[in-house]
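Take a look at the structure set out below.
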Amino acid sequence: MIDRLKTLSRKALWLRPVSLVVAVSAVAWFSYTVLLGQGSEGDTGLIPSVVLLIWALAGYAMVVTFPFVPDTPSASDGRWARFKVRTVRAVYHLMAWLLLVLTLVGAWLSLRLVNIWLSGL
């Protein structure tokens, strides 16, 4: 699983600056809506900006976290070297599961927020 995430995140490394620009734009959109919004009619940009920020940060976390996963240790490596590599890979496995759970929560939250946003239009 983490080897696939490693190759995917290495191929998608060009998305790191894009996701940062999208996240900063979402924060700017949210700030503009909060600070310069005109009452309840001006707050229509809050929910889309939050959803955009959630997905930009999730993409950034995936692209930044997984390109540096160490390769599986070979049998010729020493016992201590194999232990260290397996420990690091175990931490990456935990981060992968955490990212999966956060992505599922983000998808659920996005659907809920978009439904609320569309019902208010």
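Please verify whether ARG82 is under 23 Å from ILE2 (Cβ atoms) and over 17 Å from the mean Cα position of the chain (by Cα), treating the condition exactly as stated.
yes
Scanning region 8-32 for residues that are exposed (fewer than 12 other Cβ atoms within 10 Å of the Cβ) and among the aromatic types (Phe, Trp, Tyr) returns a single hit, TRP14.
Any residue that is part of a helix (DSSP H, G or I), of a type in the set (Phe, Trp, Tyr) and either touching a Lys or Arg at 6+ places or on another chain (Cβ under 8 Å) or within 15 Å of VAL51 (Cβ to Cβ) (or both) - is there at least one of those in region 110-120? Yes, region 110-120 contains a residue that is part of a helix (DSSP H, G or I), of a type in the set (Phe, Trp, Tyr) and either touching a Lys or Arg at 6+ places or on another chain (Cβ under 8 Å) or within 15 Å of VAL51 (Cβ to Cβ) (or both). None of LEU5, LEU53, LEU98, LEU46 is surrounded by 14 or more Cβ atoms within 10 Å (Cβ to Cβ), under 30 Å from ILE116 (Cβ atoms) and under 15 Å from the mean Cα position of the chain (by Cα) except LEU53. Does region 72-80 include one or more residues that are of a type in the set (A, V, I, L, M, F, W, C) and within 19 Å of LEU102 (Cβ to Cβ)? No; the residues of region 72-80 include none that is of a type in the set (A, V, I, L, M, F, W, C) and within 19 Å of LEU102 (Cβ to Cβ). Checking every residue in region 74-83 against the condition of being over 30 Å from TYR32 (Cα atoms), at pLDDT 90 or above and among the hydrophobic types (A, V, I, L, M, F, W, C) gives at least one match. SER110 falls short on exactly one of the conditions (1) at pLDDT 90 or above; (2) of a type in the set (Ser, Thr, Tyr); (3) touching a Gly at 6+ places or on another chain (Cβ under 8 Å), and that condition is (3). The set of residues in region 34-67 being over 30 Å from ILE2 (Cβ atoms), of a type in the set (S, T, N, Q) and modelled with pLDDT of 85 or more consists of SER49 alone.
The values are calculated or read from the model by the stated rules, or taken from the named source; none is laboratory data. On a predicted model such as this, the values are computed, not experimentally measured, just so you know. Heads up, the Cβs are rebuilt from the backbone with ideal geometry, glycines too, and the neighbour counts pull from every protein chain shown.
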